[in-house]
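First up is the structure itself, then whatever we jot down about it.
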Amino acid sequence: MTCNRAQRFIYPFGNGDLALDMDAYTLDCSQYASQHALEIAIHDQWHEKGLVVLVNTGMQHLSELERWSAIIYQDFNAYEGGAAPRSKWSDAVYSIDDTPPHIDMGYHNEGCYLSVSPRCLVLGSMDCPKTGGWTLASDNEVTTDELLKTDIGQKLQKHGVRYVRNMTDKHGDNTIVHKHWQDTFLTESREDVERYVQAEGWDHQWMPDGTLRTSYWADAFEYNEKLGKNLFFANLANHGLFFDQWHPFNTLLDEERPHTMLVGDGTPFTEEDIATIYAINNKASLGLRWQDADVALIDNERWSHARPAYAIQPGEARVMGVTTGMLKKRVGSRF
């Protein structure tokens, strides 16, 4: 067992110059003669680059993300099975600010730990601090090529990853709560949950206090048909390290935290392993400057994303939302 009561400073995150320029992926909505012309440009760029950053959208409420998302997809995801707490802006638009701002949200692909994951996610901002609060996006094609040159990349190719999650009972007496299993699976029924996890092939255990613990293996890479390549597709934001900055979760053993992960053969990630992966991501990233960007449409396989810690000054706020869709059943890697 691993007890980590002190924060592990193992990687530079969001510091220094970024390799990519947001402007190379930006479309200014005010420069298009018609909505139809703008939608064609969005559609073409999303398929070519996998990332579209929109400015001057005129968006007045985050529920409007549904309209921008519909340019790419119509099958909105209900976030069933998701690991993070989420409040809602509309039936299809969820908040992304339920994690305290002082927490580093590591690089990840949405839902990569599930058997079905979204190909597209759309982020939107209504307000952001003058300094910080950016989202980092990392080019997963570049990241994968570099990662496979390393020892940890080769281990992940061979063994995959194992995700461990602990979900408390909404009606229990837990004093440390991140997300209840009722909110994860959108049900009050243990039988419904068991049908879900059995269908997914997950190991599961009901703890004496009503907590549900799941453990399951996943491929660390996903084959992308458009590129004809395997892409790194593992959620390091699900490592127990995520909670090092978050009291009282940082008083728990890694395996008792709301989520953690191992290499697929059951061995833990070393600090060097995680530092290597983050450093590679940093070298292929750009910063989505939400003071300027209203909406970003992101190919969830071709790009990973992250959010470094930030500070809110008096009179400031960070108000953001996300919608996901274009669901794809995972196929794993084809090495």
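The values are calculated or read from the model by the stated rules, or taken from the named source; none is laboratory data. On a predicted model such as this, the values are computed, not experimentally measured, just so you know. All Cβ positions, glycine included, derive from the backbone under ideal geometry; neighbour counts span all protein chains shown. These area figures cover heavy atoms from the full protein model, side chains too; ligands, DNA and RNA do not enter into them. Shrake-Rupley method; radii C 1.70, N 1.55, O 1.52, S 1.80 Å.
Test of understanding: in a Gaussian network model of the chain with alpha carbons linked when under 10 Å, which of T175, T214, T131 would top the mean-square fluctuation ranking? Evaluated over the chain, the most mobile residue of the options is T175. Summing +1 for each Lys or Arg and -1 for each Asp or Glu among the other residues whose beta-carbon sits under 15 angstrom from that of Y32 gives -4. Element breakdown for segment 76-212 at a 1.4 angstrom probe: carbon and sulfur atoms account for 48% of the accessible area. For segment 295-301, putting each phi into the Karplus relation 6.51 cos²θ - 1.76 cosθ + 1.60 with θ = phi - 60° gives couplings of 9, 9, 9, 10, 6, 6, 8 Hz, in residue order, rounded to whole numbers and with x for Gly and Pro. Each residue of segment 158-172 is assigned a 3J(HN,Hα), and the resulting list reads 7, 10, x, 10, 10, 9, 10, 10, 10, 10, 6, 8, 4, 9, x Hz, derived from the Karplus form 6.51 cos²θ - 1.76 cosθ + 1.60 (θ = phi - 60°), x at Gly and Pro. The residues of the chain have, on average, 43 Å² of accessible surface per residue, using a 1.4 Å probe with all protein chains present.
Starting from a Cα-only point model with no solvent, please compute log10 I(q)/I(0) by Debye for segment 162-210 at q = 0.14, 0.20 1/Å. Each listed q corresponds, in turn, to -0.33, -0.69. Atom-type composition of the exposed protein surface of segment 219-335 places 53 percent of the accessible area on carbon and sulfur (1.4 angstrom probe). Annotation: lysines with alpha-carbon distance below 26 angstrom to K329 (same-chain offsets under eight excluded): K49, K88, K155, K158, K179, K226, K229. The mean sequence separation of alpha-carbon pairs under 8 Å and at least six residues apart, normalised by the residue count of segment 17-128, gives a relative contact order of 24 percent. Mean sequence separation of contacting Cα pairs (under 8 Å, at least six apart), scaled by the length of segment 214-317, corresponds to a relative contact order of 19 percent. Is the C-alpha gyration tensor of segment 89-224 telling us rounded, prolate or oblate? Criteria: a/c under 1.5 is rounded; beyond that, a/b larger than b/c is prolate, otherwise oblate. In terms of gyration-tensor shape, oblate. Taking the Cα centre of segment 217-301 as reference, the dipole from Cβ charges on Lys and Arg (+1) and Asp and Glu (-1) amounts to some 280 debye. On the beta carbon distance between Q35 and K328, with R0 = 30 Å, the FRET formula returns roughly 0.60. Only DSSP H runs of four or more residues enter the estimate; each adds -39500 (n - 2.57), and after division by the residues of the chain the mean residue ellipticity at 222 nm equals -5500 deg cm²/dmol.
Accessible surface ranking for D127, D203, 1.4 angstrom probe, highest first: D203, D127. Here's how it looks for K88: its modeled amide H is under 5 Å from those of S95, which are all 5 or more places away or on a different chain. Among the protein heavy atoms of segment 12-65, carbon and sulfur supply 47% of the accessible surface, probe 1.4 Å, non-protein parts ignored.
Using C-alpha pairs under 8 Å with a sequence gap of at least 6, the mean separation divided by the residue count of the chain gives a relative contact order of 39 percent.
Shown here for segment 188-251: GluC sites (Glu not before Pro) in loop regions (DSSP other than H, G, I, E, B) with at most 12 other Cβ atoms within 10 Å, namely E188, E225. Overall, segment 54-171 carries a charge dipole of about 300 debye about its Cα centre when +1 sits on the Cβ of Lys and Arg and -1 on the Cβ of Asp and Glu, all other atoms neutral. Around the amide H of G160, modelled in the peptide plane, lie the amide H atoms of A220, G264, all under 5 Å away and 5 or more residues distant in sequence or on another chain.
Since only G210, Q198, I42 are under comparison, the one whose Cα sits farthest along the positive direction of the charge dipole of the chain, derived from C-beta charges on Lys, Arg, Asp and Glu, is Q198. Across the chain, the convex hull enclosing all Cα atoms gives 137 Å³ per residue. What the phi angles of segment 116-127 give under the Karplus curve with 6.51, -1.76 and 1.60, with θ = phi - 60°, is a coupling list of 10, 10, x, 7, 10, 10, 10, 9, x, 10, 9, 7 Hz, glycine and proline written as x.
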